[in-house]
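The values are calculated or read from the model by the stated rules, or taken from the named source; none is laboratory data. Owing to the predicted nature of the structure, the values given are computational and were not obtained by experimental measurement. Ideal geometry is used to build each Cβ from the backbone, glycine not excepted, and the neighbour counts take in all protein chains shown. Heads up: the accessible areas ignore ligands, DNA and RNA and are worked out on the full protein's heavy atoms, side chains in. Shrake-Rupley method; radii C 1.70, N 1.55, O 1.52, S 1.80 Å.
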Amino acid sequence: MANTRNRVAVTGIGLVSSLGHDVSTFWNACLRGETVVEEVPEHWNHYYNSKSTHWSPLPLPDFGAVGLRRSDVLSYDPVALNSIYAADMALIHAGCRKSPVDERSGRYTLEMFDDYRCGAYVGTGLGCISSTFQNYVPHLLSQLSLNPTNGSILADRSTILDELSEYLRENPRVLPVASTKCMANAVSSLLSIRYGLRGANETCVAACSAGTTAIARAFDQIASGRIDFALAGGTEYYGDRAGGVFMAFDRLNTLAKPRSTDTKVNRPFDSERTGFLFSQGGACILALESMSFAQARGARVLAELKGSFSTSDAYSLAALDPEGTAIRRMIRGALSDANVTHRDVDYINTHGTGTVLNDAVEASILEREFPHNPLLNCSKSLLGHTIGACGAFESAITIMSIAEGEIHPSINLTSPVRDLNFVTKRTSAELTCALSHNFGFGGHNVGLVFGKL
């Protein structure tokens, strides 16, 4: 099968991340082992005393730099705006030119492509949840006096009332665009509308595997010959004023707990790990196209996407199956789909959440499946957990590692849970075959195999 279908090329990467909003800045920060870790906003403690105290905030990019207007920023959730920004950067990186169809509405068409043979596939975990909060709070409190005298539990929480008052001043009513602004599928649909992609546009909601799932879906469509080109990746953003999503994960006991130094709370695969570093989000979009089309237009090919495979744990909504049977099946399926063997793999970008069970299970699986001990690293040690975007970021990092022949370090890893070949300092390596995989709440397991052209 792998020899009769279309080969798939990766020709561009675009992103919005805590480490930078362009590929070069981001990649060099990764190679230096940089991370962004801060204490959570102090006012979050007025709502909930969390066990975790740190996160990785995301500064939003200048959306005007990619031609987004003020009306767009007001009409779209940041999770969708970030995906547009990343997609625009991916097109530039891939050398794709766009021609205006209607500049007033921000609609374009991609030169050299048949619109009906281009698609958009974007993954997300919680979608446009920031806009859901933004519109729900004014609705909920529209009849509530900001100075209650009825003995309400809010009466003695002046700080919270001040914040609610400010929120209602900024958002006095449910917005007329609320229904479209809150749609999770906007993250892919807006790419389709903006760039005139008239093939399928699909939003993949698969928790921490969402971005990987979206890329796998685009790969299948190109490999099967249904389309020639796709924008594919993942996006996530949590902008709620009170940190509600952070608190939800904290209540699940999945977040990294305080240590002696702030910057070392995040320790995937270390024996002292306590959970994952919560990231405010990010977006990463890849430009994928058939190899023959990329070569015909003279595009630079960063790497080849060779295979994918998915399984489900069928075990729990929130917990990984400790047996790891479905994950092992996923890894074997991805390698088979790519027509490679376990020993062909010389680098693995791990899922590595930093939670106690997940890292133990993943490390055990990798030890059994890859006894030749390929190079491993964990990108979440730098970025924290970007949920629906993490698989797209990790795919991009895998692609850059192949293209540049360098691997970023896993930081804060001093006592590995297993004797695996973890990269803990910037390392040069000629990579020919690499695996990137993710496991999501709900039991989603997805793997992608990349190769050097």
Hits in segment 335-344 (condition: surrounded by fewer than 24 Cβ atoms within 10 Å (Cβ to Cβ) and either closer than 30 Å to Leu252 by Cα or of a type outside the set (Lys, Arg) (or both)): Leu335, Ser336, Asp337, Asn339, Val340, Thr341, His342, Asp344
Residues satisfying the stated conditions in segment 2-22, i.e. outside any strand (DSSP E or B), over 18 Å from Cys390 (Cβ atoms) and in contact (Cβ under 8 Å) with a residue 12 or more places away in the chain: Ala2, Asn3, Arg5, Asn6, Arg7, Asp22
Set Glu323, Glu272: member being acidic (Asp, Glu), without any contact (Cβ under 8 Å) to a residue 40 or more places away in the chain and open to solvent by 40 Å² or more (accessible area, probe 1.4 Å): Glu323
Every pair of residues 6+ apart whose Cβ atoms lie under 8 Å, when the first sits in segment 296-307 and is under 10 Å from Lys452 (Cβ atoms) and among the β-branched types (Val, Ile, Thr) while the second is surrounded by fewer than 17 Cβ atoms within 10 Å (Cβ to Cβ) and at pLDDT 95 or above: Val301/Gln295
Any pair with Cβ under 6 angstrom, 6 or more apart, that starts in segment 245-258 at a residue that is more than 13 Å from Ala207 (Cβ to Cβ) and ends at one that is of a type in the set (A, V, I, L, M, F, W, C) and assigned to a loop (DSSP other than H, G, I, E, B): Ala256/Val265; Ala256/Leu277
2 or more residues modelled with pLDDT of 95 or more and more than 25 Å from Gly12 (Cβ to Cβ): qualifying helices (runs of 4 or more DSSP H) within segment 351-429: 356-369
Subset of segment 442-453 [modelled with pLDDT of 95 or more and open to solvent by 50 Å² or more (accessible area, probe 1.4 Å)]: His444, Lys452
Total residues in segment 181-218, condition part of a helix (DSSP H, G or I) and more than 23 Å from Leu317 (Cα to Cα): 12
Residue match in segment 400-422 (condition: of a type in the set (Phe, Trp, Tyr), surrounded by 19 or more Cβ atoms within 10 Å (Cβ to Cβ) and touching a Cys at 6+ places or on another chain (Cβ under 7 Å)): no
Selected residue (criterion: most open to solvent (accessible area, probe 1.4 Å)) from residues of segment 292-317 that are out of contact with any Lys or Arg (no Cβ under 9 Å at 6 or more places or on another chain), of a type outside the set (A, V, I, L, M, F, W, C) and closer than 21 Å to His437 by Cβ: Tyr315
Some residue of segment 72-79 being on the phi < 0 side of the Ramachandran plot and touching a Cys at 6+ places or on another chain (Cβ under 6 Å): yes
Breaking point among (1) out of contact with any Leu (no Cβ under 9 Å at 6 or more places or on another chain); (2) crowded, with 24+ Cβ neighbours inside 10 Å; (3) more than 30 Å from Asn6 (Cβ to Cβ), for Glu289: (3)
Residues of segment 33-74 satisfying the condition of being of a type in the set (D, E, K, R) and touching a His at 6+ places or on another chain (Cβ under 8 Å): Glu38, Glu39
Test for His437: is it at pLDDT 95 or above, open to solvent by less than 40 Å² (accessible area, probe 1.4 Å) and over 26 Å from Ser310 (Cα atoms): no
Test: residue in segment 227-237 that is hydroxyl-bearing (Ser, Thr, Tyr), open to solvent by 10 Å² or more (accessible area, probe 1.4 Å), at pLDDT 95 or above and more than 30 Å from Asp114 (Cα to Cα): yes
Looking only at segment 33-60, and only at residues there that are among the small types (Gly, Ala, Ser) and in a loop (DSSP other than H, G, I, E, B), the one that is surrounded by the most Cβ atoms within 10 Å (Cβ to Cβ): Ser52
Candidate set from segment 360-389 (those that are touching a Phe, Trp or Tyr at 6+ places or on another chain (Cβ under 7 Å) and under 25 Å from Tyr238 (Cα atoms)); member that is surrounded by the most Cβ atoms within 10 Å (Cβ to Cβ): Thr386
Of all residues in segment 374-394 being over 18 Å from Tyr85 (Cβ atoms) and among the hydroxyl-bearing types (Ser, Thr, Tyr), the one that is nearest to the chain's Cα centre (by Cα): Ser379
Candidate set: segment 67-108, residues that are β-branched (Val, Ile, Thr) and open to solvent by 10 Å² or more (accessible area, probe 1.4 Å); chosen: the one modelled with the highest pLDDT: Ile92
Checking Thr25 against (1) at pLDDT 95 or above; (2) open to solvent by 60 Å² or more (accessible area, probe 1.4 Å); (3) assigned to a loop (DSSP other than H, G, I, E, B), the condition it does not meet: (3)
